[in-house]
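What follows is one structure encoded as structure tokens, with my remarks underneath.
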Amino acid sequence: MRARFLVLGSPGGGTNPRVAGAWMVLLLLLLSAACVTVLGSSAALTRGGWESVWAYRGVLLRGWMLTILLSVLALVLSLLIGLLAALLRGSRVIPLRMGAILYVELIRGTPLLAQILFLYYAVAGTIGLQDRLAAGVLILSLFAGAYLGEIIRAGIASVPATQIDSARAVGFTPWQTHRFVILPQALRVILPPLAGQFASLIKDSSLLSVIGIGEFTLAAQQVNSATYRTLESYLPLAVGYLALTLPVSLLARHLERRLHPGD
Amino acid sequence: MRLEIRHLAKAFPPGRRRVIDDLSLDITFGHVLALLGPSGGGKSTLLRLIAGLDLPDEGEILIDGRRMPADEPSLRAHRTGLGVVFQAFNLFPHRTAIGNIELPLREVHGWDAARARARAMEMLDRLGLSGHAGKFPDQLSGGQRQRVAIARALAPGPGLLLFDEPTSSLDPEMTAEVLSLIDGLRDSSTPMILVTHEMGFARKVADSVVFLAGGKVLESGPATTFFAEPSTPEAGAFLSKVLAY
């Protein structure tokens, strides 16, 4: 049912990838045509808009690069936090397990914007963390780590108990069981949503503009206030994010198809 | 091979019903010992305890006079010295048939890559699977998967082979394929302990039988005697039921 109405939303189930691809190209063409129309009329009204923004292209580019840097750093750190949270949630030591559950629930139960404001203004200053960028990466990692923890936990839980029996029966140590049996199989389950989570991370990093980190969104805002050109400032912003998230989403879908061809 | 068990107890789930309940046994068997009995009688649980996959709540197991250890490192050494084949899903799905056999040889038994590969190929050859070496488990039939699992269990040259209902998830044709393979293993000198529902097969391959019900041993001894004239009414009723058709 869903696959037939939401061509882009179907995880390959029943929809021919070529048909889906053709639809995507068609929709992108329509979208571009709409943009050109809007741009055309806007350009007619405000002559020279693009030139004034073009002068600030360095600001936008630096912001865009910073967004990539922030996202990659946060991805690495949030993977470590997520792995730790997933392992602690399976711990037999009750305080550790409860701590992990509390962390995940606190993060998932509050908006990222509230976390940024609270952690930056109320916590980071108190613990002497002055570096905006470091604080930003840390907050973003804490946020994404809670979601990644759940993804990793689900991946590990998806490995059947019989596999662990077999691993122990051939004489593997617990470490070898994790390395050769549990993690490789969990990875198949984890990778597609992990890629999706990375795309979210890229978009979520835009909220760090509220604490004055000069990433892409803040850069666009600065260009806008310097040039008074809204469309010419914010259209590159949207396109710049899409240029990052589209390949990542496509990668996620590709992994999904490759790792779960039967689904 | 001599299997001695003294006052063994195991509850499952932990703290709940005793699946093995004050079980004692002393049996010496030649090649193949079959653990028989009704479902839920404790056969598979006993096999897991012998395999060192679980620890008993009480009691002890001695294999050829050696007491089974209770600490994890020694238990791991115990497991390394034997081969286990479960009902299904033995193989690691992300490794090929030959990869499944090589991996424990290299990582557990410390063989170098060339020796492990040669041995794995030899095992696949012996079990008629050489054409399937590069296939992943999901490209093999259920019977082929179990045969690869048997090849993996045999490859390091274990001192004892344990089978936990190795055919219960297979259709009749594949069951025959796996059973004839196990039958063929009798020629090797490796002793086997076998949990099975295939009574005709047990009758054919086993030289000794242990009959379990309600977590206890009701009867044990030579297979011929057990199948010809079971001494307990429970075993008699069980046999007449399962051999009726």
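The numbers here are math on the coordinates, done by the rules we state, and not lab data. Just so we're clear, the structure is a prediction, and the values are computed from it rather than from any experiment. Using ideal geometry, Cβ is built from the backbone for each residue, glycine included, and neighbour counts are taken over all protein chains shown.
Quick check: net charge around B:ILE5, other residues with Cβ under 9 Å of its Cβ, Lys/Arg +1 and Asp/Glu -1?
That works out to -2.
Can you give the average number of partner chain beta-carbon atoms within 10 Å of each beta-carbon in peptide A:170-180, as a whole number?
What the average comes to for A:170-180 is 5.
Could you tell me which helices of chain A pass both thresholds, a Cα extent of 15 Å or more along their own axis and a mean Kyte-Doolittle hydropathy of at least 0.5, with helices taken as whole DSSP H runs?
A:17-45, A:57-89, A:94-108, A:132-157, A:183-204, A:230-259
Do any trypsin sites (Lys or Arg not before Pro) in segment A:81-151 lie in a DSSP loop with no more than 16 other beta carbon atoms within 10 Å, and if so, which?
When the trypsin sites (Lys or Arg not before Pro) of segment A:81-151 are filtered for loop state and at most 16 Cβ neighbours within 10 Å, A:ARG92 remain.
Shape of segment A:108-165 from its Cα gyration tensor (a ≥ b ≥ c, root eigenvalues): rounded if a/c is under 1.5, otherwise prolate when a/b > b/c, or oblate?
Note, shape of segment A:108-165 comes out prolate.
Would you kindly give the portion of the calculated P(r) for the protein assembly as shown that falls above 41 Å, as a percent of all Cα pairs?
The share of Cα pairs beyond 41 Å in the protein assembly as shown comes to 43 percent.
Hey, what does the equivalent ellipsoid look like for segment A:58-259, semi-axes from the Cα gyration tensor as sqrt of 5 times each eigenvalue, largest first, whole Å?
After scaling each eigenvalue by five and taking roots: 37, 21, 12 Å.
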